[in-house]
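Input: a single structure, listed below in structure tokens.
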Amino acid sequence: MFTTWLRENKVAMWLLTVLRVYLGYDWMTHGWQKLTGGGFDATGFLTGAIEKSTGEGATVQGWWGAFLEGFALPNVELFNFLVPLGEFLVGVGLLLGCFTTLAAVMAMVMNFAFLFSGTVSTNAQLVLLQIFIVVAGYNAAKIGLDNWVIPYIRGMYNKFRHRKDPVAKVNTKTQHT
């Protein structure tokens, strides 16, 4: 019942729009600060998370610490590029209501990565709010660019899927003798 309300109700649509814009602004501004602040470097964050994964009272799971140590830290330059850009693009997507569900899912992926790394902050709250956007689906973006983008993409997909290709026509009738 609540899911139906989130997905179909006009009041929910307006509330979700306010929530989506709030989340989008939050993500976009944090990403923009990292992009333009000159020198975002995830090395300290990654090293701290790796340290929290060992010893007595470790707050980061060992498997996550191993991932950070074996992949993320050696490729820190990639993460220094992807994190700010990802935060900014997720924010723009949510703010404008364009590819909203994808933006909310990617935001959740980043929030979970931060949580796995031992940083609580507002990440848990953001995950909960983003769940509402994902569950609501299209209703969360009706007041946004998805109102035009999604039907256009569906139309292009259907046109491509149903195009007449003379080469693809094959006689499928079997002849019985």
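The values are calculated or read from the model by the stated rules, or taken from the named source; none is laboratory data. Since the model is a prediction, treat every value here as computed from it, not as a measurement. Ideal geometry is used to build each Cβ from the backbone, glycine not excepted, and the neighbour counts take in all protein chains shown. Just the protein is used for accessible areas: all its heavy atoms, side chains included, with ligands, DNA and RNA removed. Shrake-Rupley method; radii C 1.70, N 1.55, O 1.52, S 1.80 Å.
General remarks:
- Qualifying residue in the stretch 150-162 (condition: modelled with pLDDT under 95, touching a Lys or Arg at 6+ places or on another chain (Cβ under 7 Å), surrounded by fewer than 16 Cβ atoms within 10 Å (Cβ to Cβ) and more than 22 Å from T36 (Cβ to Cβ)): no
- Residue tally, condition open to solvent by less than 50 Å² (accessible area, probe 1.4 Å), within 17 Å of G24 (Cβ to Cβ) and touching a residue at least 40 places away in the same chain (Cβ under 8 Å), over the stretch 107-136: 6
- Residues that are touching a Cys at 6+ places or on another chain (Cβ under 7 Å) and buried (at least 18 other Cβ atoms within 10 Å of the Cβ), drawn from the stretch 137-149: G144, D146
- Applying the criterion of being assigned to a loop (DSSP other than H, G, I, E, B), under 15 Å from G118 (Cα atoms) and not β-branched (V, I, T) to the residues of the stretch 17-55, the residue that is most open to solvent (accessible area, probe 1.4 Å) is K52.
- Of all residues making up the stretch 96-125, the number that are over 13 Å from the mean Cα position of the chain (by Cα) and part of a helix (DSSP H, G or I): 7
- Filter pass, L73 being under 28 Å from V134 (Cα atoms), of a type outside the set (S, T, Y) and open to solvent by 40 Å² or more (accessible area, probe 1.4 Å): no
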